[in-house]
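The values are calculated or read from the model by the stated rules, or taken from the named source; none is laboratory data. Remember, it's a predicted structure, so these values are computed and weren't measured experimentally. Methodologically, a virtual Cβ is constructed for each residue, glycine included, from the backbone with ideal geometry; neighbour enumeration extends over all protein chains shown. The protein model used for the area step is the full one, side chains on, heavy atoms only, and it has no ligands, DNA or RNA in it. Shrake-Rupley method; radii C 1.70, N 1.55, O 1.52, S 1.80 Å.
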Amino acid sequence: NCSTLTPINFANYTGAGGGSAKELDPHNKIKWNAPVITGPTQFYTQESTAWTSTGISVTGGSGSYTYSLPVAPGGASVDGSGVVSFTTAAGAASYNFTLRATDTVSSEYTDHSFVLDALSTDTCLWTGGTSVAWATASNWTYCAGAAPLTTSKVVISSCQLIIHVCLRRATFLS
């Protein structure tokens, strides 16, 4: 019965030979004290805009980390808190990033990859934060405070929302 199993905290585990849990990992495949990074894998902004990451957090390890960007476009930077900054170029584009958090005690690290899509200034981004109504201006970002008047130059970032919008306007043939 799995519900009665007690999880093992490997950091404090003593192996059968009296050693640490690391004796169970003779090939050093387990990151014993690595940080854990959580956060979005997709961000949006507009072209020619200064952008900073939000919603990325790091836990675990010793609690003290250094940050780097092993994958990033030129001009991107990361501060001592793990916040990534970048100014997008003119024109719509996608930028790939990998944020690395390294534990300052164990030197173990974890990577978190994400994409920043820079939308052209005439493109609206659906957030659906208020309702499912297309005409509700607060459901849109980058639309100069209004809902779009056409379906061109529109980005809908969630598959569920795409299905909902498409099905409401679809005609099914049998």
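Here are the numbers for the structure shown:
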| read-out | value |
| --- | --- |
| Probe 1.4 Å, accessible area per residue of segment 58-135, Å² | 46 |
| Label-point separation, residue 147 to residue 107 (7 Å along Cα→Cβ), nm | 5.8 |
| Within the accessible area of segment 99-162 (1.4 Å probe), percent carbon and sulfur | 57 |
